[in-house]
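The values are calculated or read from the model by the stated rules, or taken from the named source; none is laboratory data. Quantities reported herein were computed from a predicted structural model and do not represent experimental measurements. Note: ideal-geometry Cβ built from the backbone for every residue, glycine included; neighbour counts use all protein chains shown.
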Amino acid sequence: MTDFNATQAAIRAGYSQKTAAQAGCSLLTNPNIKEKITLTTNEMAGDNLATVNRIISELCGIAFTRVTDVVSVSAGGVASVNPIDELTDSQQRAIESISQTQFGVKIKMHDKVRAIELLGRHLGMWVEKIEIDTKSPFDDFTDEELDQIING
């Protein structure tokens, strides 16, 4: 499987650019194709399970680490970075960078919202909708007119 794009797969299968989106969508409902996609996806998941699990783990670390897990604030309002060796691996991976500035230590965390978005997409929590124009040039013809066109 080259990619997970039905339109591009239809083009590679010989459909025209003009009809590929509709053909790809239609082909996805074919039981033989659905079975092949399921088998191939399961096979790929088995081959890449460590990679998939690692990516999900990284995203979870970013998504669910709070800044208060990494920084402590004293009663006087002074913030300080918790010792790195006291942070979990997940909390450490959520940190994008630590730098010293003239005002103190600056911590930048990875983008939490983006990590949550990617996790949600992986879990199928939201699906992007694509509008497909299914209007045929023959839609405006009556059955009789179509018979006339086909049979001459």
Just to confirm my filter: which strands (runs of 3 or more DSSP E) fall fully inside the range 50-103 and include at least 3 residues that are β-branched (Val, Ile, Thr)? 95-101
Selection status of Leu87, at pLDDT 90 or above, surrounded by 13 or more Cβ atoms within 10 Å (Cβ to Cβ), over 18 Å from Leu119 (Cβ atoms) and of a type outside the set (Val, Ile, Thr): yes
Could you check the range 116-152 and list, in sequence order, the residues that are among the charged types (D, E, K, R) and more than 30 Å from Val52 (Cβ to Cβ)? Glu131, Asp133, Lys135, Asp139, Asp140, Asp143, Glu144, Glu145, Asp147
Got at least one residue in the range 106-127 being surrounded by 12 or more Cβ atoms within 10 Å (Cβ to Cβ), over 21 Å from Glu58 (Cβ atoms) and free of Cβ contacts under 8 Å to residues at least 40 places away in the same chain? no
Residues of the range 5-28 being of a type in the set (Ser, Thr, Tyr) and within 17 Å of Lys129 (Cα to Cα), which ones? Thr7, Ser26
Scan the range 53-60 and tell me whether some residue there is touching a strand residue (DSSP E or B) at 6+ places or on another chain (Cβ under 7 Å), closer than 24 Å to Lys112 by Cβ and exposed (fewer than 12 other Cβ atoms within 10 Å of the Cβ). no
Before we move on, is Ala23 touching a Gly at 6+ places or on another chain (Cβ under 7 Å), surrounded by 13 or more Cβ atoms within 10 Å (Cβ to Cβ) and not assigned by TED's automatic domain parsing to the domain that holds Gly104? no
Exactly one condition in (1) part of a loop (DSSP other than H, G, I, E, B); (2) touching a Cys at 6+ places or on another chain (Cβ under 9 Å); (3) of a type in the set (Gly, Ala, Ser) is false for Ala115; which is it? (1)
Take the conditions in contact (Cβ under 8 Å) with a residue 60 or more places away in the chain and either in a strand (DSSP E or B) or not hydroxyl-bearing (Ser, Thr, Tyr) (or both) and apply them to Ile132. Does it pass? yes
With the checklist (1) surrounded by 10 or more Cβ atoms within 10 Å (Cβ to Cβ); (2) closer than 30 Å to Pro137 by Cα; (3) in contact with a helix residue (DSSP H, G or I) (Cβ under 9 Å, 6 or more places away or on another chain) in hand, flag the one item Lys34 doesn't pass. (3)
